[in-house]
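Participant: Below is one structure. I have some questions about it.
The values are calculated or read from the model by the stated rules, or taken from the named source; none is laboratory data. No experiment lies behind these values; they were computed from the predicted model shown. FYI the Cβ positions are ideal-geometry reconstructions off the backbone, even for glycines, and counts take in every protein chain you see. These area figures cover heavy atoms from the full protein model, side chains too; ligands, DNA and RNA do not enter into them. Shrake-Rupley method; radii C 1.70, N 1.55, O 1.52, S 1.80 Å.
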Amino acid sequence: QVQLVESGGGLVQAGGSLTLSCAASGRTFRNYAMGWFRQAPGKEREFVAAISWSGGSVNYADSVKGRFTISRDNAKNTVYLQTNSLKPEDKAVYYCVAGLASYGSSWYEYKYWGQGTQVTVSS
C-alpha cells in the first residue's frame, strides 16, 4: 500500500511558479514510477508528467514541456513538480500518482492517487 499526500498548491499570478510536493508512505516507494495528473472543472483528467522509479527517465505532456520539471528523492519518499511560467490554463487540481508499471501517460497505469492540491493561476 502507498499513501500519497500532496502539498504546495495555491494562488499565483500568470508567469509565476509553484513547487508541488508529494509525500509517500511505505518502504517500497522506490519501486514505483510516480507522476502527476490534473483536472480542471468541466474537463477530463489530464496527464502532466511522470518519472521512473530511479528518476533516470521522465515523461511530460506537450502542454507543459519546458515549463514543468518532475523530480524525486527516494531517500525522502517524495516526488516534486516544479511549475514555472504558469498560465491561466494550468489552473486545476493536481494529483500525485504511483504505479508499478512504466512512467506512462495513461491514468490506468497508476494504482495509487493522492487527494489533490489546487493550483489557481490569475491572469
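Participant: State which residue is surrounded by the most Cβ atoms within 10 Å (Cβ to Cβ) when the search covers only region 25-44 and only residues that are part of a loop (DSSP other than H, G, I, E, B) and of a type in the set (Lys, Arg).
Facilitator: Filtering first and then ranking leaves 43.
Participant: Among the residues of region 44-68, what is the count of those that are touching a residue at least 40 places away in the same chain (Cβ under 8 Å) and over 15 Å from the mean Cα position of the chain (by Cα)?
Facilitator: First, pick out the residues of region 44-68 that are touching a residue at least 40 places away in the same chain (Cβ under 8 Å): 45-48, 50-52, 57-59, 61.
Imposing the further condition that a residue be over 15 Å from the mean Cα position of the chain (by Cα) reduces the set to none.
Within region 44-68, residues that are touching a residue at least 40 places away in the same chain (Cβ under 8 Å) and over 15 Å from the mean Cα position of the chain (by Cα) number 0.
Participant: Residues in region 56-73 that are surrounded by 12 or more Cβ atoms within 10 Å (Cβ to Cβ) and acidic (Asp, Glu): how many?
Facilitator: Qualifying residue count, region 56-73: 1.
Participant: Here is a list of conditions, (1) farther than 25 Å from residue 121 by Cα; (2) among the small types (Gly, Ala, Ser); (3) part of a strand (DSSP E or B), and residue 50 meets all of them except one; can you say which number that is?
Facilitator: (1)
Participant: Restricting to region 79-94, and then to whatever is polar (S, T, N, Q) and surrounded by fewer than 18 Cβ atoms within 10 Å (Cβ to Cβ), can you tell me which residue is nearest to residue 34 (Cα to Cα)?
Facilitator: Among residues in region 79-94 that are polar (S, T, N, Q) and surrounded by fewer than 18 Cβ atoms within 10 Å (Cβ to Cβ), the one nearest to residue 34 (Cα to Cα) is 82.
Participant: Shifting gears a bit: Just to be sure before I move on: is residue 97 β-branched (Val, Ile, Thr), open to solvent by 20 Å² or more (accessible area, probe 1.4 Å) and touching a Gly at 6+ places or on another chain (Cβ under 6 Å) in the structure I sent?
Facilitator: No, not satisfied.
Participant: Moving on. Taking interchain pairs and intrachain pairs at least six residues apart, which have beta carbon atoms under 6 angstrom, with the first residue in region 111-123 and modelled with pLDDT of 95 or more and the second open to solvent by 80 Å² or more (accessible area, probe 1.4 Å) and part of a loop (DSSP other than H, G, I, E, B)?
Facilitator: Here the result reads 120/91; 121/91, each pair linking region 111-123 to a residue that is open to solvent by 80 Å² or more (accessible area, probe 1.4 Å) and part of a loop (DSSP other than H, G, I, E, B).
Participant: Just to verify a result, which residue in region 70-123, among those that are of a type in the set (S, T, N, Q) and in a strand (DSSP E or B), is farthest from residue 60 (Cα to Cα)?
Facilitator: 122
Participant: Further question on the same structure: For region 102-121, how many residues are of a type in the set (A, V, I, L, M, F, W, C) and open to solvent by 50 Å² or more (accessible area, probe 1.4 Å)? Outline the logic, then answer.
Facilitator: Step one: filter region 102-121 for residues of a type in the set (A, V, I, L, M, F, W, C), giving 107, 113, 119, 121.
Filter again for open to solvent by 50 Å² or more (accessible area, probe 1.4 Å), leaving 107, 113.
Qualifying residue count, region 102-121: 2.
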